[in-house]
Amino acid sequence: MNTSSIFTQRNYWACIPLSLEDVAARIGDAFGLVDPDFGKEDPEEWFEGWTIDRVSFYVFRQGGQTAPLRFIIKPDQVDPTEFGRRLAICFSHTISYGDVTYLGDDKYSFSEHSSYSNELKAEQGGDGDAEEAI
């Protein structure tokens with residue numbers, strides 16, 4: 001299926017069946033997130049906040065706890081592999097990293113470049129062939 005993209009961002013993502021409050025609490029413990037702001041506008045829910053090191057987290061998903069969580073981190077991390085591993089350890093869950101493209105009508109495609117587990121090594125994606133539209 002050929003679709004045109006409206007915009008693409010480089011993000012981390014994972015399907016983690018936790019409430020956003022629980023996700024924020026874990027990020028608080030692992031990264032020092034303080035006093036996050038929560039919001040919801042169907043079908044999207046999110047939180048945003050800053051860590052004590054002035055790293056901005058914007059975390060959101062569309063479609064409930066079974067939908068992928070997207071992590072937009074600013075400023076961009078110097079070492080995305082190390083950051084991906086830290087996220088994987090934080091959630092005891094595999095974290096993907098790559099291009100997320102908005103296709104319009106609340107639809108996205110995910111093209112994975114790398115994935116990180118809570119083990120010591122990263123599983124590198126090939127040439128971005130792992131693509132899924134949601």
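The values are calculated or read from the model by the stated rules, or taken from the named source; none is laboratory data. Since we're looking at a predicted model, the values are computed, not measured. Here the Cβ is made from the backbone with ideal geometry for all residues, glycine too, and neighbour counts use every protein chain on show.
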Taking segment 53-91 and the residues there that are in contact with an Asp or Glu (Cβ under 7 Å, 6 or more places away or on another chain) and among the hydrophobic types (A, V, I, L, M, F, W, C), the one that is surrounded by the most Cβ atoms within 10 Å (Cβ to Cβ) would be 57
Got at least one residue in segment 90-97 being modelled with pLDDT of 90 or more, within 23 Å of residue 6 (Cβ to Cβ) and touching a His at 6+ places or on another chain (Cβ under 7 Å)? yes
Please find, within segment 104-123, the residue that is modelled with the lowest pLDDT out of those that are surrounded by fewer than 16 Cβ atoms within 10 Å (Cβ to Cβ) and more than 27 Å from residue 51 (Cβ to Cβ). 106
For segment 1-52, which positions are surrounded by fewer than 13 Cβ atoms within 10 Å (Cβ to Cβ), touching a residue at least 60 places away in the same chain (Cβ under 8 Å) and hydrophobic (A, V, I, L, M, F, W, C)? 1, 6, 7
Listed by first then second residue, the pairs whose first member lies in segment 56-83 and is under 19 Å from residue 30 (Cβ atoms), whose partner is of a type in the set (Asp, Glu) and exposed (fewer than 14 other Cβ atoms within 10 Å of the Cβ), with beta carbons under 6 Å and at least 6 positions apart or on separate chains, are 60/44
Quick check, is residue 100 assigned to a strand (DSSP E or B), buried (at least 17 other Cβ atoms within 10 Å of the Cβ) and at pLDDT 95 or above? no
Out of the strands (runs of 3 or more DSSP E) lying entirely within segment 1-92, which hold 2 or more residues that are of a type in the set (S, T, N, Q) and closer than 25 Å to residue 113 by Cα? 7-14, 56-62
